[in-house]
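*Asks:* My questions will all concern the structure given below.
The values are calculated or read from the model by the stated rules, or taken from the named source; none is laboratory data. Quantities reported herein were computed from a predicted structural model and do not represent experimental measurements. Ideal geometry is used to build each Cβ from the backbone, glycine not excepted, and the neighbour counts take in all protein chains shown. Areas reflect the complete protein model, heavy atoms only, side chains present, ligands, DNA and RNA absent. Shrake-Rupley method; radii C 1.70, N 1.55, O 1.52, S 1.80 Å.
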Amino acid sequence: MEKDRIKQAYLDFVLNEGHPPQSVFKLTQQLGIAEQEFYQHYPNFDAIDREIWGDFGRQARETAAAEPVWESYGSREKLLAFYYTLLEILKHNRSYALMSLRRSLHRVPALTPRVLDDFRQDFEDFVGDLLSAGRVSGEIANRPLVQDGYPRFFWQQALFVLGFFAKDDTINFERTDAAVEKAVTLSFDLVGRNTLDSAVDFVRFLVRK
């Protein structure tokens, strides 16, 4: 498929040269196709980068969900499985992933680089489904006033994980694995039932009396 050839040629160029091609014309000339063929699939090189990161996220989600134990997991375990699968995918594509993250994440902390737009949309939808299931099972506290903002909160967690990965210089990114576990544990402690929820329930009970 021509679109896949274009994406792979772009990726190969970035890996070999350390930067995108100077122009669409140069890339299509290398491929032996008309420049117009490129624009039938992508408006620019940035769109390819966004699609590559979107592919990373979808592949991680689908691969993790294909494991036989997936359905027995709670929401916390499913998010952990997603992150660990994503990290394995990034490790297999580490040259591109690190180059891309280091080029984009340092600019404005906490803001999403455009290269992650597709990844973010899919991630927030995925997390939204996990949280909905968690509320049904009781793993996630039902807090109508704030829970609509949870996917954005978890996206900041994802940016933290990606930033940590980009800076991690340990063998096989061991510190990133540990950071993922601690970050996910903290986030689910915050959105799960805790002392405050118990206090609210107690007050409601007293009011009803």
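*Asks:* Scan segment 110-121 and tell me whether some residue there is at pLDDT below 95, assigned to a loop (DSSP other than H, G, I, E, B) and within 13 Å of L79 (Cβ to Cβ).
*Replies:* No, the conditions are met nowhere in segment 110-121.
*Asks:* I want to confirm something. Restricting to segment 45-60 and keeping residues that are open to solvent by 60 Å² or more (accessible area, probe 1.4 Å) and in contact (Cβ under 8 Å) with a residue 40 or more places away in the chain, which single residue is nearest to V127 (Cα to Cα)?
*Replies:* Per the stated criteria, the residue is R58.
*Asks:* In the set D125, D168, which member is among the acidic types (D, E) and open to solvent by 20 Å² or more (accessible area, probe 1.4 Å)?
*Replies:* None of the others qualify; the one that does is D125.
*Asks:* Quick check on segment 86-107: of everything there that is in a helix (DSSP H, G or I), among the polar types (S, T, N, Q) and surrounded by 15 or more Cβ atoms within 10 Å (Cβ to Cβ), which residue is modelled with the highest pLDDT?
*Replies:* S100
*Asks:* With the checklist (1) under 27 Å from A65 (Cα atoms); (2) open to solvent by 20 Å² or more (accessible area, probe 1.4 Å) in hand, flag the one item F173 doesn't pass.
*Replies:* It fails just one condition, (2).
*Asks:* Does any residue of segment 140-153 turn out to be outside any helix (DSSP H, G or I), of a type in the set (S, T, Y) and open to solvent by less than 80 Å² (accessible area, probe 1.4 Å)?
*Replies:* Within segment 140-153, none of the residues are outside any helix (DSSP H, G or I), of a type in the set (S, T, Y) and open to solvent by less than 80 Å² (accessible area, probe 1.4 Å).
Here's the yes/no breakdown for (1) surrounded by 15 or more Cβ atoms within 10 Å (Cβ to Cβ); (2) at pLDDT 90 or above:
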position: D177; (1), (2): yes, yes
position: E181; (1), (2): no, yes
position: V184; (1), (2): yes, yes
position: D197; (1), (2): no, no
position: L206; (1), (2): no, no
